[in-house]
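The values are calculated or read from the model by the stated rules, or taken from the named source; none is laboratory data. None of the values given here were measured: they were computed from a predicted structure. We place every Cβ from the backbone using ideal geometry, glycine too, and count neighbours over all the protein chains shown. The protein model used for the area step is the full one, side chains on, heavy atoms only, and it has no ligands, DNA or RNA in it. Shrake-Rupley method; radii C 1.70, N 1.55, O 1.52, S 1.80 Å.
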Amino acid sequence: MIHIESLTKQYPTKTLFSEASAHLRPETRVGLVGRNGTGKTTLLRMMIGEDSPDDGVIRKRPWLRIGYLPQELDSPTDLTVLQAAHREQYPEHEAKRILSGLGFGETDWHRSLQTFSGGYRMRVTLGHLLLANPDVLLLDEPTNHLDKPTQAWFESFLLASNMTMLMISHDTKFLDRLTTHTWEIRHHQIQEYRGNYQTFQALRARIDAQQATAAQRQAKEVARVQKFVDRFRYKATKAKQVQSRIRQLEKIKLLETRRDPKRLRFRFPQPAKSGIRVLELHDVRKQYGENVVYDGLHFSVDCGQRVSLVGENGAGKSTLLKMLAGVLPFEAGTRREGHGVTLHYFAQHQADILNPEHSILESLTEAAPQAETNFLRSTAGVFLFSGPDQNKPIKALSGGERNRVALARMLVEPANTLLLDEPTNHLDPASVDVLTDALIDFQGTIVFISHDPVFLSRVSTRVVEIDEGRVKDYLADYEYYLWKRAQELEALKAQEEALAAPKKRKARAAPAPAEAPLPSKTPTRRDMTKTINRLEKQVARSEEEITALEDRIKARAEELSAPELYQDFPRWNELHQEHEGWKEELDALTNRWSALSTELADLKDQLARAG
């Protein structure tokens, strides 16, 4: 469908592509990966004609329809949700079907886009793209602002679609579930692999190892031949052999082992300690037009806590973080900073806080006017901006590079309190790991928002769930929060079932008496045979239950992928949650079957030895 032939693209200080070639084939779902700043977004922009290569060509099938979701959105905020989705180009009922799947209820359809968070505005743009049903769908970080249920629906929609897709995402689990092929931008080339992200990683590691081994073997052989030439170069009796070896060396094409660029490495400077109470909001009311987000909010953060704000998109997480940072006014209530508190606020969209006309060095100087230029240059170098790259304007940087600039600004002027809104967005997996380690080592206070479950699990020491203007505290890590939420949902489900059928099956058969414990003496052959027969029945029963549950899970997966179900998101979500519960139940059954099978095998071995 799209052929990339000998593509070259470079800037005065950087080469992105050098005679790179690739072929996007029909009905494939390709993950585009590579380090931040290698040209992933630039490649998509060249494919849709918003940018042009310096050399080479991108050939497309005639009348090919391409849809593109960029990282940074420019939504028409003067429209309602429904108008922005169909834009008078597609039927309203189709727009409503897609919007329902993306988490919008009927009451949202006629609300202005201005009343929604950036994450929900991104969903509207995504809905417009899905309505268009293009031949090729180009997605640049599509999951950055999707909560878990909506992302599950979105993945199901894409899997059921026949569209050809090329997607950039630093959510490697998303790529594993979606992609059939992987393109990696590496050493200015596009390297194609068959398989998802996990398969690509294994293949690349194997190829790199093979190339390294071949290069080492060749280097040893070259050294051996060169040693012969050096030793006998001036011996007349060996002249013929020496000339033969020299010709042999001249014909050898040395295998090149190119190293990947150095990785990001940094740590936050340890700042002066603040007072015990860092930030406090008292009786706060915040609304956007008629939409009241918070009313009578009381919230506080203490020194040393790493607080994660969780909840669905639009619940008010970013609003709360901005109020804590002091960058968003509110209608009533008070905000108080504790003694010795210094703040850094990392916005979800870096365009909101970085001057696009400034260079990288100017942006760092803006954050720390008193700092020496050499210190600022060395800090930029830590974040992989070296030499002429430090003079690049912010507007020319990729999303991941802008995030690195924002992180660098935090280092040049240390603060003891970090407020971070989706700090891992646009960062490649290696950089996310480095940021995670730096935050864990940081001795100050952190309040952050993230949709990355691994990042949440590693960093959080306190979780605050936000739902319809209410905050609920979980004074423990993210793993505890997930466990506690599961317990609460199970209790709620049991309560609903009890209310629905209070007298159902009142009379139940008396429970079977507990089996008597085995005597402490060594069991006889008869005892072991009885136990083996019992275990075999239990194993067989477990296998039947597993088979039946697997059939139910498979049938439900097919039901969830039905396009007609997408227009009824509440129903889809209900079926999806039940589907997830069945998968957890399958894991428990499988573990039980494994334990029974192990016990049965051990007992049979014991019986055989006794006989």
Out of LEU589, LEU565, report the one residue that is at negative phi, surrounded by 15 or more Cβ atoms within 10 Å (Cβ to Cβ), modelled with pLDDT under 75 and in a helix (DSSP H, G or I).
-> LEU565
How many of the residues in region 29-53 are part of a loop (DSSP other than H, G, I, E, B) and touching a strand residue (DSSP E or B) at 6+ places or on another chain (Cβ under 7 Å)?
-> 5
With the checklist (1) at pLDDT 80 or above; (2) within 39 Å of the chain's Cα centre (by Cα) in hand, flag the one item GLU536 doesn't pass.
-> (2)
Go through VAL447, VAL382, VAL471 for me and flag whichever is under 21 Å from the mean Cα position of the chain (by Cα) and among the aliphatic types (A, V, I, L, M).
-> VAL447
Could you tell me whether any residue of region 318-339 is modelled with pLDDT under 90 and in contact with a strand residue (DSSP E or B) (Cβ under 8 Å, 6 or more places away or on another chain)?
-> yes
Filtering region 9-57 for residues that are of a type in the set (A, V, I, L, M, F, W, C) and open to solvent by 30 Å² or more (accessible area, probe 1.4 Å) leaves a count of 2
Check SER6 against each of (1) small (Gly, Ala, Ser); (2) open to solvent by 50 Å² or more (accessible area, probe 1.4 Å); (3) over 27 Å from GLY195 (Cα atoms) and name the one condition it does not meet.
-> (3)
Listed residues ALA205, ALA215; which is at pLDDT below 90, assigned to a helix (DSSP H, G or I), touching a Ser or Thr at 6+ places or on another chain (Cβ under 6 Å) and open to solvent by 10 Å² or more (accessible area, probe 1.4 Å)?
-> ALA215
Residue check: is ILE207 closer than 20 Å to LEU24 by Cα and among the aliphatic types (A, V, I, L, M)?
-> no
Among (1) at pLDDT 80 or above; (2) under 21 Å from the mean Cα position of the chain (by Cα), which single condition is GLN348 missing?
-> (1)
Residues satisfying the stated conditions in region 170-197, i.e. at pLDDT 90 or above, open to solvent by 10 Å² or more (accessible area, probe 1.4 Å) and outside any strand (DSSP E or B) = ASP176, ARG177, THR179, THR180, HIS188, GLY195, ASN196, TYR197
Is there any pair with a first residue in region 329-358 that is within 24 Å of GLU401 (Cβ to Cβ) and a second that is open to solvent by 80 Å² or more (accessible area, probe 1.4 Å) and of a type in the set (Val, Ile, Thr) whose Cβ atoms are under 7 Å apart and which are 6 or more apart or on different chains, and what are they?
-> TYR345/VAL327
Could you please tell me which pairs satisfy a Cβ distance under 6 Å, a separation of 6+ or placement on different chains, a first residue in region 2-16 that is within 11 Å of LEU43 (Cβ to Cβ), and a second residue that is open to solvent by 60 Å² or more (accessible area, probe 1.4 Å) and assigned to a loop (DSSP other than H, G, I, E, B)?
-> LYS9/ASP54
Number of the exception - PRO261 against (1) part of a strand (DSSP E or B); (2) modelled with pLDDT under 80 = (1)
Which residues, counting only those in region 93-105, are at pLDDT below 85 and either of a type in the set (Asp, Glu) or surrounded by fewer than 17 Cβ atoms within 10 Å (Cβ to Cβ) (or both)?
-> GLY105
Name the pairs whose Cβ atoms lie under 6 Å apart, with the first residue in region 72-101 and closer than 24 Å to ASN425 by Cβ and part of a loop (DSSP other than H, G, I, E, B), the second of a type outside the set (Val, Ile, Thr) and modelled with pLDDT of 85 or more, and 6 or more positions between them or separate chains?
-> PRO76/ALA84
In region 106-119, which residue that is at pLDDT 80 or above and either of a type in the set (Phe, Trp, Tyr) or surrounded by 16 or more Cβ atoms within 10 Å (Cβ to Cβ) (or both) is nearest to the chain's Cα centre (by Cα)?
-> LEU113
The residue that is modelled with the highest pLDDT, considering only those in region 265-292 that are closer than 24 Å to PRO329 by Cβ and part of a loop (DSSP other than H, G, I, E, B), is SER274
Residue list for region 120-142, restricted to those being crowded, with 20+ Cβ neighbours inside 10 Å and either part of a loop (DSSP other than H, G, I, E, B) or within 15 Å of the chain's Cα centre (by Cα) (or both) | LEU139, ASP140, GLU141, PRO142
LEU361 fails exactly one of the following numbered conditions: (1) open to solvent by 40 Å² or more (accessible area, probe 1.4 Å); (2) not in a strand (DSSP E or B). What is the number of that condition?
-> (1)
Quick one: what pairs do we get from region 147-158, first residue under 13 Å from LEU126 (Cα atoms), second of a type in the set (Lys, Arg), C-beta under 8 Å, 6+ apart or different chains?
-> THR150/ARG123; GLU155/ARG177; LEU158/ARG29
